[in-house]
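Notes to accompany the following structure.
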Amino acid sequence: MSNGFSTIREIFGRRLPWWVGLSLLLVGLVVEQAWAQVLTWDEAVVEARGQTVDWYMWGGSPAVNAYVNGYLARELKARYDITLRQVPVKDIAEVVSKLVVEKQAGKDSGGSVDLMWINGENFRTCIRHNLLYGPFADLLPNQHYVDWSSPTVANDFGTPVEGMESPWGSAQVVMIYDAARIPEPPRSMQALLDWIKANPGRFSYPAPPDFTGSVFIRHIFYHVGGPAEWWQGDYTEAELQAAADATFEVLRDLRPSLWRGGSTYPDSPVRMNTLFADGEIDFSFSYHQGEASRAIHDGLFPETVRTFVFNEGTIANTHFVAIPFNARDKAAAMVVADFLLFPEAQREKAVPEVWGDFPVISRDRLPPEWQQRFADLKRGPATLEDSVLQSHQLPEPPSEILIHLEQGWEMQVLKNR
Amino acid sequence: MGDAGIEEPMMNGSRASGTAVPDGRPVPAGRLVILLGPAVLVVGLLFVGGLVLGVLQALGYAPGQGAASLTVEHFRRVLVDPELFTSFALTFYIAATSTIIAGLVSVALALTLVSLESRSRMVSFLLQIPLTVPHLVIAIAVLFLLTPSGLVARALSSLGLLAEAASFPLLVNDRFGIGILAVYVWKEIPFITLMLLAVLKNMGKELLEAGATLRANARQRFFHITLPIITPVLAASGLIVFAFTFGAFEVPYLLGRTHPLLLPVWSYRTYSDIDLLARPEGIAIGLLIAAIIIIAVGCSQMVLTLVRYREGER
């Protein structure tokens, strides 16, 4: 390190006074930033009027996009005079990268990202590099509908949330199949692995670091590496390494039986769904309980498509929204984050024809008439009962494990080294 | 940053070829500065500035993340990665193959068009259409058309020509990058053809008629008259196309395989990795791409100069 500094000094030596000045200026900005307080709720509501929220989010689902640009945009305009603008991205990690660059460049205000849909590893990166505004989530009135005592809400992939992001919905992995093609699907990971080997070329998964592809790897990890609960606590580096190696062994072994002999993978869940709908593969899977019903409704999947969860359970988590440190319209972003938790907005989101995303607000915290309205929600033909889903939930592992698995997959399974 | 790195050598290439036929009017130096100043300034600021920033970051200079020491570690890690060779070979194969195919077809097409003369206006209008369509659009079209579940496969199987859609040959995400080559060839042929047409039309018929009276047959007329005249433009436009293809990202990103990756896709993947420490490596790969393109352009300029020098001697 000291060597490096002396190198820099040699390079910038003649301009040192200028650099000192610039550094002082930056220090000044940092100090000012530290002084800035998080807005109170009342301030936020007043200030939010007339602001425009640029919401960066994964744009791969027409249903989500329609809900955001339709219902949410309309209601926010009518209730708070806030203009909601969805900015679709393929992967929110791109936005996190952008924020890092802005942080480096000292762009501490006026940033173009006001709100982002985020969780897990991206949240961890943001916390590590101080990229978020907050804590703001605790200030939002609708937070009292959220059961913060639940570990899947209080922690995001092992990272404590602590008010730095606000929950939006919950998701659980479900396997998707066509009952007309496969009347009795394999209902455990072991059975699925056996099925894939018995039916070469009929299964695939999106290549990690795609989020959906990566969760498939984590299911295998739980399958060979021991129960999910165990990985939530203390584990040693050696134990992780051993379990991960066993995971990659299974995946390497599986590769020749995959679609196109594992020579390539779908680049996204959208592409995997297309392959499934085209009959090139026999299974798809989604990190959304209601996606299959939604696709049936859209006419993408045949009516006979159904979903199932493994007997040992499938991975579930909560997804969140967060406000970047340099967002231009922080007040309006807070109001939007609050409105997302409004029972009516959560219920609308849960309607299968709209999106079918599962509410993050806890039903017993709602007034009785709202409890009834949620209970009356009809589900799509392919969506499982709440009781079935909830009794088959596995927690996400800490994001260190996730990153370890994604990197290892690339080296050991993809590149075979 | 990566984009700027690709643009610059292309401009060099075309400018150099433009001066191959000087019009003989010397431009005073002062006016030249005024004329070129703004362009040079913009290119200098964006390209050189970006390059300097890129080099700094590839050397691990990231003040926002507490890393303030300079190191060649990232370059070293990229250079010792066995992926580099595979990735380079694949990128080179795609760029060279598509350029050669496009070049050959373009020569044939341009010669045909010149001999058609009267109808060539219509055809050159048609040729301009592909120039305006973005690569991305063509890539997606190819995706819809040529995948085993795509339109072509479905049409063939519904006509009973294919047993089932799955027996359709792999043309997308395939080992040989056929889908990628198809997009590039389709996009590049019109460009090279139009460049050649300009020269061929200027050339006139006199030389060929003289050749004919001296009893040169069609083959001899092509190799001894036409080819030497179009070579500089062919080489220059081929080079532009090669440099572009070598550094282009979106087509292989959509139509390539998950592994091995082409250099630009690899660079992007590494740069956008969730692990921020991988960023400098992504930039280092990008800089390597820029360096390879610059070297390629430099080499070919030398060869061209040599050819011209020899011609002058004769």
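The values are calculated or read from the model by the stated rules, or taken from the named source; none is laboratory data. All values reported here derive from a predicted model rather than from experimental measurement. Virtual Cβ from ideal backbone geometry, glycine too; neighbours counted across all protein chains shown. Please note that ligands, DNA and RNA were not included when accessible areas were found on the heavy atoms of the full protein model with its side chains. Shrake-Rupley method; radii C 1.70, N 1.55, O 1.52, S 1.80 Å.
What size of dipole, in debye to the nearest 20, comes out for the protein assembly as shown about its Cα centre when the only charges are +1 on Lys and Arg C-beta atoms and -1 on Asp and Glu C-beta atoms?
3400
Listed here are the pairs A:Lys90/B:Lys187; A:Lys77/A:Lys349; A:Lys77/A:Lys378; A:Lys77/A:Lys330; A:Lys349/A:Lys378; which of them are more than 21 Å apart at the Cα? Write down the numbers at each step before the final one.
Values: A:Lys90/B:Lys187 26 Å; A:Lys77/A:Lys349 18 Å; A:Lys77/A:Lys378 28 Å; A:Lys77/A:Lys330 16 Å; A:Lys349/A:Lys378 12 Å.
A:Lys90/B:Lys187; A:Lys77/A:Lys378, as the Cα separations exceed 21 Å there.
May I ask which residue of B:Leu306, B:Gln220, B:Leu254 lies farthest towards the positive end of the charge dipole of chain B, with charges of +1 (Lys, Arg) and -1 (Asp, Glu) on Cβ and the Cα centre as origin?
Final value for the positive-end residue is B:Gln220.
How would you rank B:82-95, A:321-334, highest first, on the average number of other Cβ atoms within 10 Å across their residues?
Numbers: B:82-95: 17.5, A:321-334: 25.3.
For the peptides B:82-95, A:321-334, the packing ranking is A:321-334, B:82-95.
Mind giving me the FRET efficiency for B:Ile229 and B:Ala291? R0 is 30 Å, r the Cβ-Cβ distance, nearest 0.05 is fine.
Details: r = 33 Å, r/R0 = 1.10.
E(calc), rounded to 0.05, equals 0.35.
Relative contact order (percent) for region A:66-169, with alpha-carbon contacts under 8 angstrom and 6 or more residues of separation? Spell out each step's value before the answer.
Numbers: 63 pairs, mean separation 22.4, N = 104.
Dividing the mean separation by the residue count of region A:66-169 yields 22 percent.
Quick one: if you stick a label point 7 Å off each Cα along the C-beta vector at A:His144 and B:Asp275, how many nm between them?
4.6
So in chain A, what percent of DSSP beta bridges are antiparallel if you round to the nearest 5?
So the antiparallel bridges amount to about 60 percent of the total.
Using the basic label-point model (7 angstrom from Cα toward the beta carbon), what is the B:Ser115 to B:Leu159 distance in nanometres?
3.0
Per 5 Å bin, what percent of the C-alpha pairs of region A:129-198 does each bin hold, from zero upward?
Whole-percent P(r) values from 0 Å outward: 3, 12, 18, 15, 8, 8, 9, 10, 11, 6, 1.
What do the square roots of 5 times the Cα gyration tensor eigenvalues come to for region B:238-285, in whole Å, largest first, as semi-axes of the equivalent ellipsoid?
On the way: eigenvalues 93, 34, 10 Å².
In descending order, the three semi-axes are 22, 13, 7 Å.
Give me the one-decimal nm value for the distance between modelled label points at A:Val46 and B:Thr86, 7 Å along each residue's Cα-to-Cβ direction.
The two pseudo-label positions are separated by 6.2 nm.
At a 10 angstrom cut-off on C-beta neighbours, averaged per residue, how do the peptides A:286-293, A:336-343, B:218-225 rank from highest to lowest?
Numbers: A:286-293: 26.0, A:336-343: 22.5, B:218-225: 13.2.
Highest to lowest by the protection proxy: A:286-293, A:336-343, B:218-225.
Name the most mobile residue of A:Ser97, A:Ser362, A:Ser150, meaning the one with the largest mean-square fluctuation, in a Gaussian network model of chain A with Cα contacts below 10 Å.
A:Ser150
Using a 1.4 Å probe and counting only protein heavy atoms, how much accessible surface gets buried when A and B come together, both sides summed, in Å² to the nearest 100?
Details: alone 18830 and 18650 Å², together 34680 Å².
It comes to approximately 2800 Å² buried between A and B.
Determine the per residue accessible area of the protein assembly as shown with all protein chains present and a 1.4 angstrom probe, expressed in square angstrom. If you can, show how the numbers build up before the last one.
Values: 34680 Å² over 731 residues.
Ligands and nucleic acids excluded, the figure is 47 Å² per residue.
Take every Cα pair under 8 Å in region B:141-238 that's 6+ residues apart, average their separations, divide by the length, and report that relative contact order as a whole percent. Display every interim value, and only then the final one.
On the way: 64 pairs, mean separation 19.9, N = 98.
That works out to 20 percent.
Cα convex hull of the protein assembly as shown: how many Å³ per residue? Let's see the in-between values first.
Numbers: hull volume 159.3 nm³, N = 731.
Here the figure is 218 Å³ per residue.
Based on alpha-carbon centroids, what's the gap between region A:239-270 and region A:290-321 in Å, whole number please?
One Cα centre to the other: 22 Å.
For chain B, what are the DSSP H helices with axial Cα length of 27 Å or more and mean Kyte-Doolittle hydropathy of at least -1.0?
Working: long enough: B:83-116 (49 Å, 1.76); B:178-203 (36 Å, 1.54); B:227-247 (29 Å, 1.95); B:279-313 (51 Å, 1.07).
Counting only whole DSSP H runs, the qualifying helices are B:83-116, B:178-203, B:227-247, B:279-313.
Report, as an integer, the average count of C-beta atoms from other chains found within 10 Å of each Cβ along A:274-285. Please list the in-between numbers first.
Values: counts 3, 3, 0, 1, 8, 4, 5, 0, 0, 0, 0, 0.
For peptide A:274-285, the averaged partner shielding equals 2.
For region A:136-250, take the alpha-carbon Rg, divide it by the Kirkwood Rh, and send me Rg/Rh. Spell out each step's value before the answer.
On the way: Rg = 18.1 Å, Rh = 17.2 Å.
My calculation puts Rg/Rh at 1.05.
Residue farthest toward the positive end of the dipole of the protein assembly as shown, with Cβ of Lys/Arg at +1 and Asp/Glu at -1: which of A:Val96, A:Val351, B:Ser106?
B:Ser106
Using alpha-carbon pairs under 8 Å, 6+ residues apart, how would you state the relative contact order of chain B in percent? Intermediate values should be presented prior to the final figure.
Details: 324 pairs, mean separation 87.7, N = 314.
The normalised contact order for chain B reaches 28 percent.
Please list, by residue number, everything in region B:225-244 whose backbone N is under 18 Å from a paramagnetic label point 7 Å out along Cα→Cβ of B:Arg310.
The answer is B:225-236.
How many Cβ atoms of partner chains, on average, are near each residue of B:256-265 if near means within 10 Å of its Cβ? Walk me through the numbers before you get to the answer.
Details: counts 2, 6, 12, 9, 2, 1, 0, 0, 0, 0.
Shielding by partners across B:256-265 averages 3.
Which one, B:Ala29, B:Ala236, B:Ala96, has the greatest fluctuation when you compute a Gaussian network model over chain B with C-alpha springs under 10 angstrom?
Among B:Ala29, B:Ala236, B:Ala96, the largest GNM mean-square fluctuation belongs to B:Ala29.
When you look at the Cβ of every residue in A:125-132, what mean number of other chain Cβ atoms sits within 10 Å? Don't skip to the end; give the middle numbers.
On the way: counts 3, 0, 0, 2, 4, 1, 0, 0.
What the average comes to for A:125-132 is 1.
Looking at chain B as a GNM with Cα springs under 10 Å, which of B:Ile129, B:Ile34, B:Ile230 has the largest mean-square fluctuation?
B:Ile34
For chain B, what % of the accessible area comes from carbon and sulfur atoms, probe 1.4 Å?
70
Arrange the peptides A:72-81, A:307-316, B:198-207, A:388-397 so that the one whose residues have, on average, the most other Cβ atoms within 10 Å appears first. Write down the numbers at each step before the final one.
Working: A:72-81: 15.4, A:307-316: 20.3, B:198-207: 13.2, A:388-397: 18.1.
Highest mean packing first, the order is A:307-316, A:388-397, A:72-81, B:198-207.
What FRET efficiency, computed as 1/(1 + (r/R0)^6) with R0 = 30 Å and r the Cβ-Cβ distance, is obtained for A:Ala180 and A:Arg363, rounded to the nearest 0.05?
Values: r = 35 Å, r/R0 = 1.15.
Efficiency, from the Cβ-Cβ distance: 0.30.
Would you mind getting me the FRET efficiency between B:Leu151 and A:Glu353? Use the beta-carbon distance for r and R0 = 35 Å, nearest 0.05.
Numbers: r = 29 Å, r/R0 = 0.84.
Rounded to the nearest 0.05, the efficiency is 0.75.
In nm, what is the difference between 0.36 nm times the number of residues separating A:Glu162 and A:Glu312 and their Cα-Cα distance? Numbers along the way, then the final one.
Numbers: separation 150, 0.36 × 150 = 54.00 nm, distance 3.05 nm.
Value of the extension gain: 51.0 nm.
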